[in-house]
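Derivation of every value follows stated rules applied to the coordinates shown; laboratory data play no part. Because the structure is a prediction, the values reported are computed rather than measured. No Cβ is skipped: glycine too gets one built from the backbone with ideal geometry, and neighbour counts run over all protein chains shown.
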Amino acid sequence: MPVSLCGTWDMISNVNFEGYMIALISPYLRKIALRLKLRKVIEQRGDQYIIKTVSAFRNYTISFRVGQEFVEYTQGLDNRHVKSVQSLVTWEGNKLVCEQIGEKKNRGWTHWVEDDKLHLELHCEGEICKQV
Ligand code: 1AG
């Protein structure tokens, strides 16, 4: 576990969020989501992580142990897909990498800290969103 991702992080940039969301949700919801300034609140208790994405519109929380598969239901995001997603989070060097195996192909995210900033890359079906 090379670095701590813990803390409260406020969004300063969000590139191609629209592209990422096209694979997942309706134009109406995308329009709302695009305006949001997202905040990440990351906590760690032992090897358990809690990552909260907080916004004025909706909040989303995941909780997992690194290296252990868990079932993720993306409630409040693209929850029209009732099918659960099998997710696995691992460290790849300094990066916390999540592979989300489910209905959507090539879906996942990567978190890392660089220049004292929290970075997040979200990908789904060939689209890559980059948030700092
Ligand atoms: C995320 O996962 C998810 C947060 O960072 C990104 C937010 C939405 C992208 C996913 C699908 C779009 C669906 C609905 C948009 C509607 C509302 C937006 C509400 C966003 C605030 C919750 C990675 C994370 C680890 O679990 O950081």
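Quick look at the numbers
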read-out: GluC sites (Glu not before Pro) lying in DSSP loop within region 1-86, provided at most 15 other Cβ fall within 10 Å; value: Glu69
read-out: Assigned charges on the beta-carbon of Lys, Arg, Asp, Glu; the chain dipole about Cα centre (debye); value: 540
read-out: Between region 89-113 and region 27-41, the alpha-carbon center distance in angstrom; value: 21
read-out: Inter-site label distance for Thr8 and Glu125 at 7 Å from Cα along Cβ, in nm; value: 3.6
read-out: Count of Lys pairs (Cα-Cα under 15 Å; at least 8 positions apart or interchain) in the chain; value: 10
read-out: Nearest-0.05 FRET efficiency for Ala23 and Thr90, computed from C-beta distance (R0 22 Å); value: 0.45
read-out: Cα gyration tensor shape of the chain, rounded if a/c is under 1.5, else prolate or oblate by comparing a/b with b/c; value: oblate
read-out: Relative contact order, percent, region 90-132 [alpha-carbon distance under 8 Å, six or more residues apart]; value: 28
read-out: Loop chymotrypsin sites (Phe, Trp or Tyr not before Pro), region 33-85, which have at most 12 other Cβ atoms in a 10 Å radius of their Cβ (DSSP); value: Phe57
read-out: Extension gain (nm, one decimal) between Lys52 and Arg35, 0.36 nm per residue minus Cα-Cα; value: 4.3 nm
